[in-house]
Amino acid sequence: MWPFKKKIIEIRRPERPVFNSVICIPGYWNDAIEIFGQTEGKFMVVGDTIIDVENQRHYKFEMYGHNSEMRESFKLGGIVTQVTEDFLRQINEHVSVIYITGNTGNFEKARLLAKLAELLCESGGIGVRVETSGKAFEKDRWIELSSQGTDANIYELFVIDSLVLHNGTTYSCGMHNLGLMDVIVSGVEFREAHKLVRMFNYHRIIDKPVIKSGETFSLDIDSPKYLIIEEHQQLYDVNSLFYNPFGIWRLVRR
């Protein structure tokens, strides 16, 4: 079902970059003690650091007061996840906002960060926005996906695969949270392009192939084939949280 042919060029990459994911969680907390006092010692806050005691990991922690722009941020980020007006009303009533930054770049580290966000949602958080992809969730949906914890669920939490440029180009954003290249396709009608981007990403997270530039991909034996090449022009500036240091694959119809 996933034909890959003709090994042409093997791209030799430098050492894998270190990547940090950033998540945002508005809530009803007044201080950090109120947040982490409910974690039964699983997490501790020391200065601006959260310590995951069980997994021996640490995260940067920032806490701010009410942000009047938070509702709009979650409205835009929640288009894909179909957040409700009632949820946005709750976001608008938040007391404080926390930002957590932690090293990810693979599924296991992303899974641990997701579990931390899950716990915070259960301790007074209203929702979660992944700042390194722009995707926003109501807390119940985040908890549902995180608690299941499969690679497919983690993908759904950290990646958007239906973004479109003004010229109709469709692409994904957020695969860098998982340590993978994003993908882009041009000249294809959106519905087909979205399916192509999504299935190409799912193929990589489920089947875990070693992909090389010059191979081909298709949805099935009867579908068009696409040449896989490396896109050297990034969609975002290197300083953007959306910038993917692992790179981007481009699919070109043959």
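About the Cα centre of the range 161-253, what is the dipole size in debye to 20, counting +1 per Lys and Arg Cβ and -1 per Asp and Glu Cβ, all else neutral? Let's see the in-between values first.
Details: 9 positive and 11 negative charges, 20 e Å.
My answer is approximately 100 debye.
Based on alpha-carbon atoms, the Kirkwood radius and the radius of gyration of the range 161-253 give Rg/Rh equal to 0.93.
I need the shape label for the chain. Rule: rounded when a/c is under 1.5, else prolate if a/b > b/c, else oblate, with a, b, c from the alpha carbon gyration tensor. It comes out prolate by the Cα gyration axes.
For the chain, the Cβ-based charge dipole about the Cα centre amounts to some 1240 debye (Lys, Arg positive; Asp, Glu negative; other atoms uncharged). For the peptides 21-28, 182-189, residues were scored by their other Cβ atoms within 10 Å and the scores averaged per peptide; the highest-first order is 21-28, 182-189. For Lys75, a cut-off of 13 angstrom between C-alpha atoms picks up these aspartates and glutamates, skipping any fewer than 8 places away in its own chain: Glu85, Asp86, Glu138. Ranking Phe246, Leu116, Leu219 by Cα position along the charge dipole of the chain, where only Lys, Arg, Asp and Glu carry charges on their C-beta atoms, puts Leu219 farthest toward the positive end. For the chain, what does -39500 (n - 2.57) per DSSP helix run (n ≥ 4), summed and divided by total residues, give at 222 nm, in deg cm²/dmol to the nearest 500? About -8500 deg cm²/dmol. Specify the residue with the greatest mean-square fluctuation among Lys42, Lys109, Lys135, computed from a Gaussian network of the chain linking alpha-carbon atoms under 10 Å apart. Result for the chain, Cα springs under 10 Å: Lys42 fluctuates most. GNM remark for the chain: springs join alpha carbons under 10 Å apart, and the peak mean-square fluctuation among Gly77, Gly168, Gly179 falls on Gly168. The packing ranking, built from the mean of other Cβ atoms within 10 Å per residue, places the peptides 125-132, 220-227 in the order 125-132, 220-227, highest first. List the aspartates and glutamates whose Cα lies under 19 Å from the Cα of Lys225, skipping any in the same chain that are fewer than 8 positions away. By straight Cα distance, Lys225 reaches Asp182, Glu189, Glu192, Asp207, Glu215. When you restrict to C-alpha pairs under 8 Å that are six or more residues apart and normalise by the size of the chain, the relative contact order lands at 22 percent.
No value in this document is a laboratory result; all are computed from the given coordinates. All of these numbers come straight from a predicted model, not from anything done at the bench. FYI the Cβ positions are ideal-geometry reconstructions off the backbone, even for glycines, and counts take in every protein chain you see.
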